[in-house]
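Structure record follows, encoded as structure tokens.
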Amino acid sequence: ANASAKQRIKSMFYHAYNNYLDNAFPYDELRPITCDGQDTWGSFSLTLIDALDTLLVLGNRTEFQRVASLLQDTVDFDIDVNASVFETNIRVVGGLLSAHLLAGRAGMELEPGWPCSGPLLRMAEDAARKLLPAFQTPTGMPYGTVNLLHGVSPTETPVTCTAGVGTFILEFATLSRLTGDTTFENAARQALRALWKTRSDIGLVGNHINVLSKKWVAQDAGIGAGIDSYFEYLVKGAIMLQDEELLNMFLEYDRAIQNYTRFDDWYLWVHMHKGTVSMPVFQSLEAFWPGLQSLLGNLDSAAKTFQNYYSVWRQFGGLPEFYSIPQGYTVDKREGYPLRPELIESAMYLFRATGDHTYLQLGFDALESIEKVAKTPCGYASVKDLRDHQLDNRMESFFLAETVKYLYLLFDPTHFLHGGGTEGDGSWEEGGEGGQCVLGAGGFIFNTEAHPLDPAALYCCSRHAQDHQELRHILLNLSQPTEKSSRRSNPPTKHTDGPSLSQSESIALKPGEKKTPPLLSCPVQPFSARFAILGQVFTDNT
């Protein structure tokens, strides 16, 4: 049954993907009813970037290689377009980083030193650099929209949703650790710490905040729309970076969430200061929560909550955007199902954790529903109303990035993204200068757009950068006799050294300014041999 399910999922993917290429490329998204394309989140062939790693997940190396090269030639981020900082980060930066980290497995020609360098990594860095001006606020919390050419518009609203402040650490830390430029990770951390300080006396956060004044504009607290991926990134950031600060933040939130918003294994919306129920609804975006709980080992409560959500799926053949828990029915104007992945994502994690076939059953249900209700002659359309199965002329890029990917991975428990089947079956590979890094051996972390990131690669590159930094430091000290030191008091490294940035100093490059190359720009060489400079001996583990 699994093999035939996988085959059907592949067919689903290619029906949608080929129709995007034929009818919508180079626009962002396919319109599956009129068989044409439209720009939605920017103007950078978003669906192609978002679906790139799914090609490799399904085993299609040749198309992955073709598209990775095509994107390098066609995508330009120097455009006069207002883009969502959050969506561009999770879909574009995340998609490019993931494709970069999977390039070795896809049989692409790699630059020496990959994964610490490469064309897709440079593209991801370009895209992320366009987002940095949004973080130039007194609080360090970013604006929600940025113009890719001109930065933040003077008329931009300072109100951002909580997820739009707290969903950067995975992509930005990955960028910083692969490239050695700490600017990105620092910006993401500063935003997280600023957000953490604004929580209420009972430990909750609302869902929209003014990033200039830190005033909460929408004070509803819950785990759904506007907040969801903030909590997800605290947990996944803690795992990927082995970071206790992030985990402790989450655990404190989790206590408040269990305390104030959980009733009968449902999670409601409450007032962030008073803890009183404001909306007794379940939103389809919340369906990621059981999967997140499973990553923390809370399997009992995860399974119970999943069962609640699955019962809603069975009632409608999909998850309505909002579902009234007291009424047991859809909420007016929120009856749609845009082919979201969240419940399938949770099923994937829970099936991996328990082996319980309930989760596979949801996979079969989803496959049936999507085929029966959403399929059109040229793609899959969002369901406008689950009650009468009207469709919307839209196929979101996350359908190919997430929904299809999680569905496929649910039915493929020995996939390399799950760590392969038996030990030593080649689910890991070498990388780094001289191939002394083991990649893919530590499991993958999925960003909130289901783009897998390899924690081992971060360690591989940051280790080199660290060695490089230490060597450079010693050589600099050697090359600076005391009488010259006054002239050199400000070495041109402020963009790469990171934490020393003062508040007033810009973290983004000024227009026309180039990033200063480090003083030692030879490629990073690991110290495989022992050697000494002025009596200091370097060994492999220095």
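Of the residues that sit in segment 181-210 and are over 20 Å from Val93 (Cβ atoms) and part of a helix (DSSP H, G or I), which one is least open to solvent (accessible area, probe 1.4 Å)?
Step one: of segment 181-210, the residues over 20 Å from Val93 (Cβ atoms) are 193-194, 196-210.
Add one more test, that the residue is part of a helix (DSSP H, G or I), and what stays is 193-194, 196.
Numbers: Arg193: 100, Ala194: 16, Trp196: 46 Å².
Looking at residues that are over 20 Å from Val93 (Cβ atoms) and part of a helix (DSSP H, G or I), I get Ala194.
Name the one entry in Ala218, Ala194 that is out of contact with any Phe, Trp or Tyr (no Cβ under 7 Å at 6 or more places or on another chain), among the small types (Gly, Ala, Ser) and within 16 Å of Thr276 (Cα to Cα). Full working, then the answer.
On the way: Ala194 fails: within 16 Å of Thr276 (Cα to Cα).
None of the others qualify; the one that does is Ala218.
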Restricting the search to segment 59-89, which residues are closer than 17 Å to Ser397 by Cα, open to solvent by 10 Å² or more (accessible area, probe 1.4 Å) and either of a type outside the set (Val, Ile, Thr) or part of a helix (DSSP H, G or I) (or both)?
Ser84, Phe86, Glu87
Criterion first (open to solvent by 10 Å² or more (accessible area, probe 1.4 Å) and of a type in the set (S, T, N, Q)) does Thr174 satisfy it?
no
Given the conditions (1) surrounded by fewer than 18 Cβ atoms within 10 Å (Cβ to Cβ); (2) in contact (Cβ under 8 Å) with a residue 40 or more places away in the chain; (3) closer than 25 Å to Gly434 by Cβ, which single one is not true for Leu149?
(3)
If I ask for residues that are surrounded by fewer than 18 Cβ atoms within 10 Å (Cβ to Cβ) and either at pLDDT below 75 or of a type outside the set (D, E, K, R) (or both), which ones from segment 429-453 would you list?
Gly434, Gly435, Gln436, Val438, Ala441, Gly442, Gly443
So Leu52 passes all but one of these: (1) touching a Phe, Trp or Tyr at 6+ places or on another chain (Cβ under 7 Å); (2) outside any helix (DSSP H, G or I). Which condition number does it fail?
(2)
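Given the options Ile223, Ile227, name the one that is within 19 Å of the chain's Cα centre (by Cα), more than 19 Å from Ala188 (Cα to Cα) and either among the basic types (Lys, Arg) or crowded, with 18+ Cβ neighbours inside 10 Å (or both). If you could, list the steps in order and put the result at the bottom.
Numbers: Ile227 fails: more than 19 Å from Ala188 (Cα to Cα).
It is Ile223.
May I ask you to list the residues in segment 45-61 that are among the hydroxyl-bearing types (Ser, Thr, Tyr) and farther than 23 Å from Thr414 by Cβ? Break it down into steps so the answer makes sense when it comes.
Our first condition is that a residue be among the hydroxyl-bearing types (Ser, Thr, Tyr); within segment 45-61, this holds for 45, 47, 54.
Scanning segment 45-61 gives Ser45, Thr47.
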I'm told Ser382 meets every condition in (1) surrounded by 24 or more Cβ atoms within 10 Å (Cβ to Cβ); (2) under 24 Å from the mean Cα position of the chain (by Cα) except one. Can you identify the failing condition by its number?
(1)
Condition first: modelled with pLDDT of 95 or more and within 17 Å of Ser69 (Cβ to Cβ). Now tell me which residues in segment 31-53 satisfy that.
Ser45, Leu48, Ile49, Ala51, Leu52, Asp53
First in segment 342-360 and touching a residue at least 24 places away in the same chain (Cβ under 8 Å) and under 17 Å from Arg314 (Cα atoms), second anywhere and of a type in the set (Val, Ile, Thr) and crowded, with 24+ Cβ neighbours inside 10 Å, Cβ under 7 Å, 6 or more apart:
Ile344/Thr403
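The values are calculated or read from the model by the stated rules, or taken from the named source; none is laboratory data. Because the structure is a prediction, the values reported are computed rather than measured. Cβ coordinates were reconstructed from backbone atoms using ideal geometry, including for glycine residues, and neighbour counts include every protein chain displayed. Remember, those area values only see protein heavy atoms, side chains included, never the ligands or the DNA or RNA. Shrake-Rupley method; radii C 1.70, N 1.55, O 1.52, S 1.80 Å.
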